[in-house]
Amino acid sequence: MVDEPIHKCIRHWHQHVSGNLAGGLDQILHEDVVFLSPIVFTPQRGRDITKIYLRAAGSTLADLKPDDTDPSLDASGAGKFQYTKQILQGNHAMLEFETEVEGKYANGVDIITCDNDGKIVEFKVMMRPLQAINAVHAQMKAILEKLSD
């Protein structure tokens, strides 16, 4: 149904990805959100750390600037990121994406769970193939190091 919380959440997510959501990630991430990455073994807990990881991933996968105040943080994302499929039901979404990282095809899914207010409470990323994951890992590591300085 269109009035399920996930519809509002994903509409806001797409607005954020396109740079058109007032308030950005603070607007859509729950304070206690959990981020699960194919790059990091342990779950990352909390809005602040999740924002850092999502900004680094956006820079690596979608050629988005992780921090508008520091142009040196740009990665070599190809700008070919696109969502190709989405499944929405209740409080859950699965968004399949494709992109290119360092000339390597990357395919993955963002699995998003929101609360009844449409705030993201869990964000899980799964990716393939291994060569793309390795390229993403190297780029994200460099970006995360700069963001934590």
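Taking 0.36 nm per residue of sequence separation and subtracting the Cα-Cα distance, how much length would be gained by fully extending the chain between K104 and Q131, in nm to one decimal?
Here the segment from K104 to Q131 would lengthen by 9.0 nm.
Structure shown: which of K51/K141; K51/K146; K85/K119; K51/K124; K51/K85 lie over 18 Å apart, alpha-carbon to alpha-carbon?
K85/K119; K51/K85
Skipping prolines and chain starts, which residues have an amide H placed within reach, meaning under 5 Å, of the one on F81, given they are 5 or more residues away or on another chain?
E100
What size of dipole, in debye to the nearest 20, comes out for segment 5-148 about its Cα centre when the only charges are +1 on Lys and Arg C-beta atoms and -1 on Asp and Glu C-beta atoms?
Using only the charged Cβ atoms, the result is roughly 280 debye.
Volume per residue, Å³, of the convex hull around the alpha-carbon atoms of segment 5-148?
Per residue, the Cα convex hull of segment 5-148 comes to 99 Å³.
A short reminder: the numbers here are calculations on the coordinates, not readings from a lab. Quick caveat: nothing in here was measured; it's all calculated off a predicted structure. Using ideal geometry, Cβ is built from the backbone for each residue, glycine included, and neighbour counts are taken over all protein chains shown.
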